[in-house]
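The values are calculated or read from the model by the stated rules, or taken from the named source; none is laboratory data. All values reported here derive from a predicted model rather than from experimental measurement. Glycine also receives a Cβ, built like all others from the backbone with ideal geometry; neighbour counts cover every protein chain displayed. Ligands, DNA and RNA are excluded from the accessible area calculation, which covers all protein heavy atoms including side chains. Shrake-Rupley method; radii C 1.70, N 1.55, O 1.52, S 1.80 Å.
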Amino acid sequence: MTNLITFEGMKRLQAEFDQLWYVERPKVVQGVADAAAEGDRSENAEYIYGKKRLREIDRKLKHLGSRLKLLKVATPPARPEAVSFGCWVTYENEEGEERCYQLVGPDEFDVNAGRISIDSPVGQALLKKRVDDEVVIRRPSGAMTVVITAISPSRS
């Protein structure tokens, strides 16, 4: 798994960590303490749910904390000649439809937002290719041939 991340991706992960640590967790801890003060915990739904939610938050914080320590912020080259991490790649498929994606690390991929993982089959197929290169992308639904039409350090 790639340990690279964009600056924006790092900001998003750090914001998620901070939200959980400084806002969500204290709120849930207070709710659990209040529910525990009410007496019998075995049938106290608020207490039981609060403890479960606290475990979920702690698990997420542990994961985010360990990833944040490993990740390295990488910026795309100012004038990319070939597809690399952080670049925006536009390609045209066999039907003439254009798609534009940014190659990012696995911690920040979001296909709906146009960000695909550099570790994915599509990301791997596009990596190191140049404008006008024909690329075969192997997908579960079958191979697709595309032509790279543009490479940019930012969304055009």
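For this structure, a couple of remarks:
- Charges were assigned to the Cβ only: +1 to each Lys and Arg, -1 to each Asp and Glu. The resulting dipole of segment 4-73 about its Cα centre is roughly 560 debye.
- Partners of Lys52 within straight-line reach, counting lysines whose Cα lies under 17 Å from its Cα and excluding those fewer than 8 residues away in the same chain: Lys27, Lys60, Lys62.
- Only one item in [x] 24, 18, 14; [y] 40, 16, 13; [z] 44, 17, 11 matches semi-axes √(5λ) of the Cα gyration tensor in Å derived from the coordinates shown, and that item is [z].
- Helix 45-70 axis, angle to the chain major axis (alpha carbon atoms, nearest 10°): 40 degrees
- Formal net charge of residues neighbouring Gly114 (Cβ-Cβ distance under 9 Å; K, R +1; D, E -1): +2
- The dipole here belongs to segment 15-150: it is taken about the Cα centre, uses +1 on the Cβ of Lys and Arg and -1 on the Cβ of Asp and Glu, and is about 680 debye.
- Candidates per GluC sites (Glu not before Pro) in segment 13-119, loop by DSSP, up to 16 other Cβ within 10 Å: Glu38, Glu43, Glu81, Glu94, Glu95, Glu97
- In degrees, nearest ten, helix 25-37 long axis to first principal axis of the chain (Cα): 20 degrees
- When Ile116, Ile48 are compared by accessible area at a 1.4 angstrom probe, the order from most to least is Ile48, Ile116.
- Between segment 94-140 and segment 24-53, the Cα center-to-center distance that results, in Å: 45 Å
- Mean residue ellipticity (222 nm) of the chain, computed from DSSP H runs ≥ 4 via -39,500 (n - 2.57), nearest 500: -12000 deg cm²/dmol
- Residue among Ala113, Ala74, Ala125 with the largest mean-square fluctuation in a Gaussian network model of the chain, springs linking Cα atoms under 10 Å: Ala113
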